[in-house]
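The structure appears below as structure tokens.
The values are calculated or read from the model by the stated rules, or taken from the named source; none is laboratory data. Just so it is clear, the structure is predicted and the values come from calculations on it, not from any experiment. Don't worry about glycine lacking a Cβ; one is built from the backbone with ideal geometry, like all the others, and counts go over all protein chains shown.
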Amino acid sequence: MKRIRRETSDAAPPAHVPAREAAPSAPPVASAQPGASTRPAPSTQPVADPAGSDREVQVARLFDLHYPSMLRLATLLGADDPENIVAEAYYEIYRKYRKLRTPEAAAAYLRSVVCNLTRMRIRHLQVVRRHVEDRIDTVASAETSALLRDDQRALIRALRALPARQREALVLRHWLCLKEKEIAATMGISVGSVKTHTARGLAALTHAMEVRR
């Protein structure tokens, strides 16, 4: 009798009785533990470019250090709009600053750009004025005039009458006090050519000032 009851209890349930479905388990909840770090969601804000920030700082520093001397350089080389020349030179160095290795290279490149832009400007003015017989005296801005003294005007006129290369060599040598190698790099010529242009320009300038006296 006991044997019959045991076999009956071990038998499978009737087919019409549905098996109990397992209840869906809830997703595990991570419990916050003391000292555990929580990672923030990834930010969608643009990340600042440290290289670009450094470029702006360095170019601003170049502006503070060299703007007056670059303005004088463009003026002495004969630019009729030295402020625009220098502004364009700083924009050019801002674009190419990452290609420059040192701040010294940036300053040298800035001088070179000012010289090239002034040379191009003078050539453009010569083409525009080639049919004009009388020389048109340009009116300098108040900022440019403040940089020049009355006793320098005659010298500036004589300097502007020199050929472009002689004028550039003299300005870079005697106003910016550059070495011959630096002048050669700025003008894109050899050291020997720098010596030749400097000597000829100085002789012509001396003669012009002596005749005036």
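Of the residues making up region 160-187, those that are surrounded by 16 or more Cβ atoms within 10 Å (Cβ to Cβ) and either among the acidic types (Asp, Glu) or part of a loop (DSSP other than H, G, I, E, B) (or both) are Leu162, Glu168, Leu176, Leu178, Glu180, Glu182. Can you find a residue in region 118-136 that is assigned to a helix (DSSP H, G or I), at pLDDT 85 or above and in contact with a Cys (Cβ under 7 Å, 6 or more places away or on another chain)? There is no residue in region 118-136 that is assigned to a helix (DSSP H, G or I), at pLDDT 85 or above and in contact with a Cys (Cβ under 7 Å, 6 or more places away or on another chain).
Within this structure, Arg157 passes the test of being in a helix (DSSP H, G or I), over 28 Å from Leu62 (Cα atoms), modelled with pLDDT of 80 or more and not assigned by TED's automatic domain parsing to the domain that holds Gln58.
Within region 188-200, which residues are part of a helix (DSSP H, G or I), out of contact with any helix residue (DSSP H, G or I) (no Cβ under 6 Å at 6 or more places or on another chain) and either closer than 18 Å to Glu104 by Cβ or not hydrophobic (A, V, I, L, M, F, W, C) (or both)? Please lay out each step first, then the result.
Taking region 188-200 and keeping what is part of a helix (DSSP H, G or I), we get 191-200.
Those left that are additionally out of contact with any helix residue (DSSP H, G or I) (no Cβ under 6 Å at 6 or more places or on another chain): 192-193, 195-196, 199.
Gly192, Ser193, Lys195, Thr196, listed by residue number.
Report whether or not Arg61 is modelled with pLDDT of 50 or more, among the charged types (D, E, K, R) and not in a loop (DSSP other than H, G, I, E, B).
Criteria met by Arg61.
Each residue in region 187-213 was checked for being at pLDDT 90 or above and of a type outside the set (A, V, I, L, M, F, W, C), and 10 of them qualify.
Please verify whether Ala107 is in contact with a His (Cβ under 9 Å, 6 or more places away or on another chain), among the aliphatic types (A, V, I, L, M) and modelled with pLDDT of 85 or more, treating the condition exactly as stated. Considered against the rule, which asks whether it is in contact with a His (Cβ under 9 Å, 6 or more places away or on another chain), among the aliphatic types (A, V, I, L, M) and modelled with pLDDT of 85 or more, Ala107 comes out as yes.
If you go through region 71-102 and pick out every residue that is assigned to a loop (DSSP other than H, G, I, E, B) and more than 18 Å from Ala164 (Cα to Cα), you end up with 4.
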